[in-house]
Amino acid sequence: MSKLSDRINNLAESQTLAMAKKSRELQAQGKDIISLSIGEPDFNTPDFIKDAAKKAIDNNITKYTPVPGILEVRKAISEKFKRDNNLNYAADQIVVSTGAKQSIANVILSMVNPGEEVIVPIPYWVSYIETIKLAEGIPVTIPTSVESNFKITPEQLKKAITSETKMVVFSTPCNPSGSVYSKDELKALAEVIIQYPDLYVISDEIYEYINFIGKHESLAQFDFIYDRVITVNGVSKGYAMTGWRIGYIGAPKWIADACEKMQGQFTSGACSIAQMAAMEGVKAEPSITYEMRDAFKKRRDLVLGLLKEIPGLKMNVPDGAFYIFPDISSYFGKSYNSYHIKNSNDLSMFLLEEGNVALVSGDAFGDDNCIRFSYATSEDRLIESVRRVKEALAKLK
Ligand code: PMP
Ligand code: GLU
């Protein structure tokens, strides 16, 4: 008999975190690894947000908070939804959690029953699938490719829906493809979903502020589907606050209540100090995030330009987030010394060991033809990392 539960034995480790851990270990051994593995802005949290945290400590805001979040913080998030997304979520429809990762887990564990299907377009963020499996749901994936800009069509969505389908989970801007759904594209997907009275959607909008093509569009903006959408967001990406661990949902009240109950048994209210800091970010005009967004766009153009010089890569132009997800399958079947490249995992290991660059294999995101570059690091490091990748790939014959 296994000492551990089947639940944990069947759970895959987060591949993004595993690769980040592996590069840290190699760095600690003195290896000069450039890690483009984890999706984390390299910027510091803005000073006015840090000051709010210091003030919260001085003001002794250090006690347990209400499970769904400090009321003042939820009111600020409610205002933010109105201001930026034209969404009406009252404070009691908002649950603040320890990162958007927990927000997503709360929703999936609260809503998905064993055997129910959850549709997840490929490429997906690593944790969706494992969380669905934890809930004993069945992930049903929809393939896309670089040619379709990694977006699904309404026809594909309709085809994937069965009588067992409970939910759809997707992100826009998308991690890992950087694809951004337009208002019309979202509306067309919403028109399919609304035909099924028991179907819900998690719209993960955590990269809202890292959008290079204009205004962010929220799925829940269409009145006819508002009641079926759980909008996920957080402060990790837009405000460079990954370590503060604050994410949130806006949802129909009965779903928010369920998430509150779930969270009440796992973690209780999120860190009081981090909530007060996050509130200042959420209250500020979105323009405070533009400088970081513009830096990401400049880096995207830089890396895309450099990657285009490497033979055999196929890429879309990512419109948001800070990832590039090239199709590297033309290298499958090639070899160098003891390396025989059969899939994206082999290629990421080869690039780590021979090129000293840590990337995440597309397999982790459901697309084994691709590999993910996170370009949330300095231009110098990016130039050097692509040089290394190019040099290593040239060895494969
Ligand atoms: N959704 C997506 C698409 C992400 O890339 C991340 C980043 N880890 C998260 C959710 C979770 O973010 P966090 O828990 O840091 O708020
Ligand atoms: N979202 C980031 C990524 O995709 C952070 C790591 C994680 O939480 O999985 O790399």
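Residue by residue, here is whether (1) hydroxyl-bearing (Ser, Thr, Tyr); (2) in contact with a strand residue (DSSP E or B) (Cβ under 7 Å, 6 or more places away or on another chain) holds:
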| residue | (1), (2) |
| --- | --- |
| 66 | no, no |
| 72 | no, no |
| 76 | no, no |
| 79 | no, no |
| 86 | no, no |
| 96 | no, yes |
| 103 | yes, yes |
| 107 | no, yes |
| 112 | no, yes |
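Condition check ((1) closer than 16 Å to residue 73 by Cβ; (2) within 13 Å of ligand 1 (Cβ to nearest atom)) across all residues:
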| site | (1), (2) |
| --- | --- |
| 232 | no, yes |
| 240 | no, yes |
| 245 | yes, yes |
| 250 | yes, no |
| 256 | yes, no |
| 266 | no, no |
| 286 | no, no |
Failed condition for residue 227, given (1) within 14 Å of residue 249 (Cα to Cα); (2) crowded, with 19+ Cβ neighbours inside 10 Å, with all others met?
-> (2)
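Each row is one residue, and each column tells you yes or no for (1) farther than 22 Å from residue 143 by Cβ; (2) modelled with pLDDT of 95 or more; (3) away from ligand 2 (no atom under 16 Å from the Cβ).
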residue: 159; (1), (2), (3): no, yes, yes
residue: 162; (1), (2), (3): no, yes, yes
residue: 172; (1), (2), (3): no, yes, no
residue: 190; (1), (2), (3): no, yes, yes
residue: 210; (1), (2), (3): yes, yes, no
residue: 215; (1), (2), (3): yes, no, yes
Check 105, 135 and return the single one that is within 20 Å of the chain's Cα centre (by Cα), among the small types (Gly, Ala, Ser) and within 15 Å of ligand 2 (Cβ to nearest atom).
-> 105
Within region 79-116, tally of residues that are buried (at least 20 other Cβ atoms within 10 Å of the Cβ), farther than 21 Å from residue 360 by Cα and out of contact with any helix residue (DSSP H, G or I) (no Cβ under 8 Å at 6 or more places or on another chain) = 3
Would it be correct to say that residue 249 is over 15 Å from residue 107 (Cα atoms) and either more than 15 Å from ligand 2 (Cβ to nearest atom) or in contact (Cβ under 8 Å) with a residue 12 or more places away in the chain (or both)?
-> no
Tell me which residues, restricted to region 332-362, are away from ligand 1 (no atom under 16 Å from the Cβ), in contact (Cβ under 8 Å) with a residue 60 or more places away in the chain and either in a loop (DSSP other than H, G, I, E, B) or surrounded by fewer than 19 Cβ atoms within 10 Å (Cβ to Cβ) (or both).
-> 334, 335, 336, 356
Close pairs from region 366-377: first of a type outside the set (Phe, Trp, Tyr) and at pLDDT 95 or above, partner assigned to a strand (DSSP E or B) and surrounded by 24 or more Cβ atoms within 10 Å (Cβ to Cβ), Cβ under 6 Å, at least 6 apart = 372/323; 372/360; 374/323
In this structure, does residue 18 turn out to be within 16 Å of ligand 1 (Cβ to nearest atom) and either within 28 Å of residue 136 (Cβ to Cβ) or free of Cβ contacts under 8 Å to residues at least 12 places away in the same chain (or both)?
-> yes
For region 16-66, which residues satisfy the criterion of being assigned to a helix (DSSP H, G or I) and within 16 Å of ligand 2 (Cβ to nearest atom)?
-> 16, 17, 18, 19, 20, 21, 22, 23, 24
Note on region 145-159: residues free of Cβ contacts under 8 Å to residues at least 40 places away in the same chain and in contact with a Pro (Cβ under 7 Å, 6 or more places away or on another chain) are 152
Within region 78-116, residues of a type in the set (S, T, N, Q), outside any helix (DSSP H, G or I) and out of contact with any Ser or Thr (no Cβ under 7 Å at 6 or more places or on another chain) come out as 86, 88, 113
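The values are calculated or read from the model by the stated rules, or taken from the named source; none is laboratory data. Small disclaimer: the values here were computed from a predicted structure and weren't measured. Here the Cβ is made from the backbone with ideal geometry for all residues, glycine too, and neighbour counts use every protein chain on show.
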